[in-house]
Every structure is written in C-alpha cells, then in structure tokens.
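Below you'll find the structure, written out as structure tokens, and then a few comments.
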Amino acid sequence: MTLLLGLDFGTGGVRAGLYDLHSHKLVQVAEAPYTTQYPQLGWAEQAPADWWTALGKACRQLMAQAGHPQVAAVCVATTASTVVTAQADGQPLAPALLWMDCRAAVESARTAQVSHPMMNQGGDAVEWLVPKAMWLAEHEPEVYRRAARICEAVDWINFQLTGRWVASQLNASCKWNYDTLQQRFPVELYAELGIPELAQKLPPEVIKVGGRIGPLTGEAANHLGLSRDTLVAQGGIDAHMAMLSAGTTGAGELLFIGGTSVVQLMHTPKRIDVPGIWGPYPGALLDGQWLMEGGQVSAGSILNWLAQKMFGLDDAGHQQLIRQAAQLQPGSTGLLVLDYWMGNRTPYRSPDMRGAIMGLSLNHDRHDLYRASVEAIALGSANIFHTWRCEGIEITRVVAAGGFQKNPLWLQATVDATGVPFEMVPHDNLTLIGTAAAAACALGEFSDLQQAATAFTTVGRLIEPDPYAHEQYIELLGRYRAATDSVAPISCKPPANRVLGVRPAA
C-alpha cells in the first residue's frame with residue numbers, strides 16, 4: 001500500500017489527509033486551526049509560525065490515528081497570494097499578508113498603468129504578490145530590505161520541510177507575472193514598478209506542480225511524525241490544485257469552489273483574453289493548456305458575518321435562518337445587495353469596492369437580509385459566467401466543491417443564477433486529493449500530471465437549476481450590474497481616516 005500525504009493550508013486552518021494510491025481513497029483526515037488578525041481596515045495577517053505549529057499538531061494526530069504508517073510522498077497547497085517576508089534561514093520578519101489583505105490598493109492601481117506583455121497575461125490585483133511587495137518597499141522599507149526571501153506561503157512551508165527555497169510554477173505564473181514560455185522572471189517589469197530587487201528575493205528555482213523538491217529534513221520529519229526519506233512534491237494554490245481531482249481539464253469544464261471566497265477555474269487549449277478575468281496563464285498547471293481564473297473575494301464570509309456578528313447566532317441559529325430564508329422566492333424581498341465587502345476580484349478588479357444593501361424598509365427582517373445576501377453572492381458568480389459568455393466561452397460542465405454545500409440555500413441559488421447544472425462532490429477534500437495526485441506524479445506513478453488528474457478524478461452528484469428561478473435571476477442580474485455601475489463610484493471612495501501607513505505598533 002502506497003500512502004500519500006496531502007496538506008491543505010486554508011484561511012482558518014490546515015488539513016492533513018492520507019491518500020491510498022491503490023484504492024484511490026482518502027484514508028484519514030485531521031486538521032488544526034490558526035487565527036487571522038485584522039489590525040486595520042482592509043488588512044488581514046497571519047503568523048507563519050502558527051502554520052507550522054498547526055501542521056505538526058494535525059500531522060502527528062493523523063499519523064497516530066492511522067497507526068503510524070509509512071508515507072511515500074507529501075505535497076502542499078496553500079492560499080495565495082499569502083505573502084511571507086523571511087530571512088535566508090526561514091525566520092519570518094513580520095506577519096504574513098493574507099490573500100484577502102487589500103492594503104496594496106494604490107500599488108495595484110500603479111501596476112495597471114504599466115505596459116508590459118506579462119501584465120497583459122497576469123493583470124493587476126491587490127491580492128497578488130507583486131503589489132504587496134511594492135507596498136512593503138514603500139511602507140515598511142526596513143522589512144523589505146532585510147528580507148532575503150519574499151515568497152508565498154507554499155514556498156515557506158516547503159522550505160521548512162526540505163531546507164530548499166523553491167517556487168511553484170503555478171503560483172509564479174498566476175501571481176508573480178512569471179513568464180512560463182521563456183522560463184524567466186520579468187525583471188524589467190519589477191524594475192519599472194520600483195522593486196528591482198524583487199527577482200533576487202523570490203525563490204530562485206521554479207518547479208512545476210508534481211515535480212520533486214527533495215526529502216524531508218530530520219527536524220521536519222520529527223515535527224510531522226514521518227520518515228526522513230519521505231519525498232516532498234511541488235504543490236501550489238489550494239483551489240487550483242483541486243482541478244487535479246475534479247477532472248475539469250477539458251475545454252468548457254469549470255471548477256467552482258465556494259467557501260470563504262469563490263474561485264472559478266477553467267482551461268482552454270489556446271489563448272483567449274477575457275476582460276476582467278485573470279489570465280490566461282500558459283502552462284501554469286498543465287503543459288499545453290491556458291489557465292483562466294475568476295472569483296469573488298467575499299462569499300461565505302459575508303454570510304457568517306451577517307449571521308454571527310450582526311445577528312449574534314450560533315451554528316444552530318444560522319441553520320434555522322437558512323431554512324427560513326429558503327422559503328422565500330428569488331427577488332421577493334425587494335432588496336438588492338452588492339457582495340463587495342472586501343472589494344471585487346473579477347470582473348471589476350477593484351479592491352476598494354464595498355458592499356451595499358438597497359431597498360430597505362421597516363418591514364424587513366433578518367431572513368430577508370440573509371436571503372438577499374445569498375442572492376448577491378450567487379449573482380456575483382453568475383456575473384463571472386456572463387463575462388466568459390460575452391467572449392464566446394460556453395461553460396458546459398461545472399464540478400463544485402467547498403463549504404457552500406453545507407448551505408443548501410446558497411448552493412441552489414448559485415446553480416439557479418448561473419443556469420448550469422453542478423456536479424457537487426460529496427466532500428470538500430478536492431484540494432487534498434489534488435495534492436495527492438501531484439505527489440503520485442513526483443513518485444513516477446504517472447507519466448505526467450494530466451494522466452494523474454484523470455486517475456484521481458472525483459465523481460459528484462448532479463444538481464439541476466430550477467428554470468423559473470433562473471428566469472428571476474436573469475432579471476436580478478441586470479439590476480445587480482446596473483446597481484454596481486451606479487454605486488461603485490461612491491463606495492470606492494475610501495473613508496477620510498483610512499490609514500495606508502506602516503503596521504501599528506503592538
């Protein structure tokens with residue numbers, strides 16, 4: 001029996017999963033949490049040391065539950081761009097800037113003004129590593145100067161595991177404007193953006209997903225409860241790695257991850273530029289394929305904020321609220337909500353857009369507000385589908401996963417709003433299985449990553465859209481888009497007391 005270990009570092013914690021290569025099943029899963037700090041408006045930080053502590057806890061628990069079996073290979077997926085500044089020995093110099101951190105809005109806007117071929121491919125995004133590095137250079141110059149490495153969370157974890165500074169081609173292509181065709185960093189672009197040193201601070205070697213990084217160090221092996229000869233395979237971005245187990249590698253096939261945020265991913269066999277959509281990235285994950293990405297920064301986080309922070313509900317109360325809101329028809333509340341709590345990822349690419357609730361009256365109650373917020377998130381997803389369709393890209397198959405399967409109202413609303421059947425996988429472990437596929441490829445069990453993806457494909461249950469509800473959402477989408485055009489110029493204006501300076505003192 002060949003066992004593979006997948007590690008998935010999400011926003012709230014790390015999951016570790018043992019995968020049996022021959023039975024194609026997850027044997028056991030364990031997880032451990034860590035926290036996020038929000039020191040200022042638009043800021044979101046985590047401590048890399050917390051990731052490492054949580055990883056050791058989850059892995060040791062997992063290995064004990066499974067009877068301490070031999071693991072052949074391990075592979076890591078993390079959120080992105082979650083940016084770490086570190087010394088050469090891996091010691092962090094400051095908290096990591098989480099993927100949702102949007103303090104680099106000004107820097108992101110500057111990248112949009114630069115004319116460079118790799119900007120056409122990678123675009124501008126406040127979440128990406130490059131504008132975050134620009135912010136550090138401007139606002140925390142001492143941290144930037146001392147940083148021997150500015151990297152993604154996946155790179156920092158892999159260094160802790162192996163002692164090697166290497167980059168994932170997936171992250172480098174999608175988040176750093178790395179040129180996969182010429183296999184080079186765009187040093188001239190970094191220089192034009194005022195951070196000429198960045199290329200020397202990034203991990204120097206770029207390895208494709210499924211490539212071999214090396215064995216665990218003795219310290220890492222002890223920390224995880226594994227053998228030193230366990231191979232570490234290259235992984236990458238959590239949602240993107242899930243494509244390897246979703247089977248969405250063909251034209252018109254889309255992976256939809258619904259959770260704290262929403263990610264939509266698809267491949268095309270040739271380059272198609274879609275305004276407002278990230279990419280296309282050549283060979284970021286699979287050779288010969290162009291990867292495109294859409295998504296929403298705030299999704300499930302909005303619903304949790306509403307139920308827990310605003311309404312003071314526990315989990316049981318939240319589920320009761322979902323059931324109450326599900327009794328309402330689409331658009332019946334008369335409310336229109338815009339889902340830009342932390343800005344918009346696609347298709348508007350604005351970190352400064354903010355949420356809005358319109359049409360309020362004294363007869364509205366909390367299940368009206370909740371229903372309209374669910375509809376807003378579903379409409380945000382439908383708007384991304386609309387953007388693809390406007391460029392002639394038809395979505396013929398959707399495989400879905402993530403925490404939104406625990407919220408049947410949100411799930412069905414998304415299916416109804418997009419008008420496409422979803423194949424919903426029965427678990428939210430697609431990323432873990434995707435990392436196992438990459439680990440198997442690194443072991444030489446498959447000739448390439450595409451073959452591994454085919455072997456690791458997960459089958460889901462089909463959820464059909466309701467034709468009547470879809471018609472209602474078509475009308476709502478028109479209102480949603482019109483309201484965005486009207487409200488965005490007002491909501492994008494930051495408050496007068498907004499601070500974009502250095503991190504506040506502890």
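Quick note: the coordinates plus some simple rules give every number you see, no bench work behind them. Remember, it's a predicted structure, so these values are computed and weren't measured experimentally. No Cβ is skipped: glycine too gets one built from the backbone with ideal geometry, and neighbour counts run over all protein chains shown.
Results, tabulated for the structure shown:
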read-out: Gyration tensor (alpha-carbon) shape descriptor, the range 272-370, a/c threshold 1.5; value: prolate
read-out: Highest-first arrangement of 242-249, 186-193, 80-87, where packing means the average Cβ count within 10 Å; value: 242-249, 80-87, 186-193
read-out: Share, in percent, of DSSP beta bridges within the chain that are antiparallel, nearest 5; value: 70 percent
read-out: Net charge of Cβ neighbours under 10 Å - reference residue 340; Lys, Arg +1; Asp, Glu -1; value: 0
read-out: The range 387-442 versus the range 282-359: alpha-carbon centroid distance in Å; value: 15 Å
read-out: Check: the chain dipole with +1 on Lys, Arg Cβ and -1 on Asp, Glu Cβ, in debye; value: 480 debye
read-out: Chymotrypsin sites (Phe, Trp or Tyr not before Pro) restricted to DSSP loop in the range 301-364 with at most 15 other C-beta within 10 Å; value: 311
read-out: In the chain, lysine pairs with alpha-carbon atoms under 18 angstrom apart (chain gap of 8 or more, or interchain); value: 4
read-out: Prolate/oblate/rounded label for the range 125-257 (Cα gyration tensor, a/c 1.5); value: oblate
read-out: Charge context of residue 265, other residues only, Cβ under 12 angstrom, K/R +1, D/E -1; value: -3
read-out: Label assignment, semi-axes √(5λ) of the Cα gyration tensor in Å derived from the structure, set [x] 47, 29, 17; [y] 34, 27, 23; [z] 44, 27, 22; value: [y]
read-out: Mean-position separation - Cα centroids, the range 200-259 and the range 16-73, in angstrom; value: 13 Å
read-out: Label-point separation in nm, residue 314 to residue 360, each point 7 Å along Cα→Cβ; value: 2.8 nm
read-out: Mean Cβ count within 10 Å, highest first, over the residues of peptides 167-175, 195-203, 144-152, 258-266; value: 167-175, 258-266, 144-152, 195-203
read-out: Compactness relative to 2.2 N^0.38 Å, alpha carbon Rg of the range 3-241; value: 1.00
read-out: Estimated dipole of the range 134-239 in Debye, rounded to 20 [Cβ of Lys and Arg +1, of Asp and Glu -1, Cα centre]; value: 340 debye
read-out: Formal net charge of residues neighbouring residue 56 (Cβ-Cβ distance under 15 Å; K, R +1; D, E -1); value: 0
read-out: Test item: Cα-centred dipole of the range 1-154, Lys/Arg +1 and Asp/Glu -1 on Cβ, debye; value: 280 debye
read-out: Dipole of the chain, positive end: most advanced residue of 80, 280, 331 [Cβ charges, Cα centre]; value: 80
read-out: Which of 281, 468 has the fewest Cβ neighbours within 10 Å, and the rest in rising order; value: 468, 281
